[in-house]
Amino acid sequence: MDRRTIVAGATGMLIVAAGVPVAAQSPSPAAESPSASAGGWTVLAEGLDGPRGITIGADGTLYVVESGEGGAETITTPLGTGQGGASAAITAIKDGTATRVVEGLPSIVVGQEINGPADVAIKEDGTFVVPMPLGGGPEVRDAIPSPLGDNLGWLVNIAPDGTITQVADLVQWEADNNPDAADPGASVDSNPNGVALLPDGGTLVTDAGGNDLLWVGADGTVILVTTFPPTFNPGPPDPNASPDPNASPVMIPTQAVPTAVVVGRDMAMYVSQLTGFPFPVGGASVFRVQQDGTTEVYADGFTNVIDLAFGPDDTLYVLEIAHNGLLSGDLTGGLWSVPAGGGEPTLLSTDLQMPGGIAVGQDGTVYVTTGASIPNAGTVVSWRP
């Protein structure tokens, strides 16, 4: 694993304090009435604090994780010094009202990265399932003071009353197993990022640092489903080098960086990739993973994919955080659709600013979070194909 998989605002680490109080149904300043937006999108909520993953409850309520904006506590780790605080949250959006149902979750700003909750799923009993990104090995977690560091790198459950239960220590599993250790540029680096629930009670987790897909049982058992190998891409040009028309570009390993996982009607697992440095335009794929771990490319030609969602007609929606690539400096995202069963992707929208998550309702309505790393300026927007 390689720190080149971590980029500002894309797959930053998440930390969460054990036992922090939950302020159920406290009004969020994000609540707004629906309004028109660019490109045919409708704004459902504004003023969210770095919104990322989004999911839909059984009653149609939208749940969004807000990554927060750090805080006043100075935190020094092997990855750098940051500012931490309890500014992250989970927000419910229902009938035009946004309400924070979980508050006080930690958030860290390191350099230009705003690191907080990245994804969330919800069980039938209302329990939230959250993977806790880290972006390093156990030594990074050990450097974070308690209670901020207590749940780093874990898959946790958060009960409706706010009780946090640790399910599986994914960072320690990575340190003990490191399944892609033979890949170029590999190191012990765990960054649990995406989550999906399974009918057997298990949970799928994509590890953006570990470059793998994991199955986690209710008892905390962790099983490797598959790893995603690096590719080789031309490195960016050296501005200080003398131009040589005969020189070949230097090829460097590009980490896969799996971001999201969804389960299809065929019970296969579909995994998106952000890709690591140099974040090649058009270099990201969506993989179809069978239950025995056999992996194939389901669709490709994307750039820096951050999330996936299936529609009720089995259309797969693919969300890019930066349609022109993270090195372009343009964080306008792209939304694509892939027809049921696979086929040529169609670009649907480039009207989304730094999107972070996507969900699709049973009626086909598409919901997207934007402003994934913008404090108090994020939105949730909707669109009906």
Evaluation of Gly329 against (1) more than 24 Å from Gly185 (Cα to Cα); (2) buried (at least 19 other Cβ atoms within 10 Å of the Cβ) (one fails), failing number = (2)
Matching option when the condition is over 28 Å from Gly364 (Cα atoms) and either touching a residue at least 40 places away in the same chain (Cβ under 8 Å) or touching a Gly at 6+ places or on another chain (Cβ under 6 Å) (or both), among Thr99, Thr77, Thr81 = Thr77
query = Of everything in segment 150-165 that's surrounded by 23 or more Cβ atoms within 10 Å (Cβ to Cβ) and not in a strand (DSSP E or B), which residue is modelled with the highest pLDDT?
reply = Gly153
note = Scanning segment 274-299 residue by residue, those touching a Gly at 6+ places or on another chain (Cβ under 9 Å) and among the charged types (D, E, K, R) turn out to be Arg288
request  = Considering every residue within segment 120-129, establish whether at least one is closer than 28 Å to Glu73 by Cβ, modelled with pLDDT of 95 or more and in a loop (DSSP other than H, G, I, E, B).
outcome  = yes
note = Of the residues in segment 166-215, those that are touching a Pro at 6+ places or on another chain (Cβ under 6 Å), of a type outside the set (S, T, N, Q) and either free of Cβ contacts under 8 Å to residues at least 24 places away in the same chain or assigned to a strand (DSSP E or B) (or both) number 5
inquiry  = Being crowded, with 16+ Cβ neighbours inside 10 Å and either within 16 Å of Gly84 (Cβ to Cβ) or hydroxyl-bearing (Ser, Thr, Tyr) (or both) is the filter here; which residues of segment 131-146 pass it?
reply    = Met132, Pro133, Leu134, Gly135, Gly136, Val140, Arg141, Ile144
ask   = Within segment 75-92, restricting attention to residues that are surrounded by fewer than 24 Cβ atoms within 10 Å (Cβ to Cβ) and of a type in the set (Val, Ile, Thr), which residue is nearest to Val140 (Cα to Cα)?
value = Thr77
ask   = Taking the stated definitions as given, is Ser373 among the hydroxyl-bearing types (Ser, Thr, Tyr), out of contact with any Leu (no Cβ under 8 Å at 6 or more places or on another chain) and within 21 Å of Ala196 (Cα to Cα)?
value = no
query = Can you name the residue in segment 260-287 that is out of contact with any Ser or Thr (no Cβ under 7 Å at 6 or more places or on another chain) and not in a loop (DSSP other than H, G, I, E, B) and, of all such residues, is farthest from Gly201 (Cα to Cα)?
reply = Ser285
task = Check Ala168 against each of (1) surrounded by fewer than 17 Cβ atoms within 10 Å (Cβ to Cβ); (2) among the hydrophobic types (A, V, I, L, M, F, W, C); (3) within 28 Å of Ala143 (Cα to Cα) and name the one condition it does not meet.
result = (1)
task = Taking only segment 55-74 into account, find how many residues are more than 24 Å from Asp95 (Cα to Cα) and either surrounded by fewer than 22 Cβ atoms within 10 Å (Cβ to Cβ) or charged (D, E, K, R) (or both).
result = 5
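Is segment 230-242 home to any residue that is under 20 Å from the mean Cα position of the chain (by Cα) and of a type outside the set (Ser, Thr, Tyr)?
Start the filter on segment 230-242 by keeping residues that are under 20 Å from the mean Cα position of the chain (by Cα), which leaves 230.
Of the ones still in play, those that are also of a type outside the set (Ser, Thr, Tyr) are 230.
Yes - at least one qualifying residue is present in segment 230-242.
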message = With the requirement that a residue be touching a Pro at 6+ places or on another chain (Cβ under 8 Å) and either within 16 Å of Gly40 (Cα to Cα) or outside any loop (DSSP other than H, G, I, E, B) (or both), what does segment 354-380 give you?
response = Gly357, Val360, Gly364, Val366, Val368, Thr369, Thr370, Gly378, Thr379, Val380
request  = State whether the residues of segment 40-62 include one that is in contact with a Pro (Cβ under 6 Å, 6 or more places away or on another chain) and among the β-branched types (Val, Ile, Thr).
outcome  = yes
message = On the basis of being over 21 Å from the mean Cα position of the chain (by Cα), small (Gly, Ala, Ser) and on the phi > 0 side of the Ramachandran plot, does Gly342 make the cut?
response = yes
task = State all residues of segment 288-312 that are assigned to a loop (DSSP other than H, G, I, E, B), over 18 Å from Pro229 (Cβ atoms) and either in contact with a Lys or Arg (Cβ under 6 Å, 6 or more places away or on another chain) or at pLDDT 95 or above (or both); if no residue qualifies, say none.
result = Thr303, Asn304, Gly311, Pro312
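On the given criteria, is Asp150 in contact with an Asp or Glu (Cβ under 8 Å, 6 or more places away or on another chain), within 23 Å of Pro78 (Cβ to Cβ) and acidic (Asp, Glu)? Spell out the reasoning first.
On the way: in contact with an Asp or Glu (Cβ under 8 Å, 6 or more places away or on another chain): no; within 23 Å of Pro78 (Cβ to Cβ): yes; acidic (Asp, Glu): yes.
Considered against the rule, which asks whether it is in contact with an Asp or Glu (Cβ under 8 Å, 6 or more places away or on another chain), within 23 Å of Pro78 (Cβ to Cβ) and acidic (Asp, Glu), Asp150 comes out as no.
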note = Condition set under 30 Å from Asp266 (Cα atoms) and at pLDDT below 95, scope segment 351-385, selection surrounded by the fewest Cβ atoms within 10 Å (Cβ to Cβ): answer is Arg384
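The values are calculated or read from the model by the stated rules, or taken from the named source; none is laboratory data. Remember, predicted model here, so these are calculated numbers, not experimental data. Cβ atoms come from the backbone with ideal geometry, glycine included; neighbour counts cover every protein chain shown.
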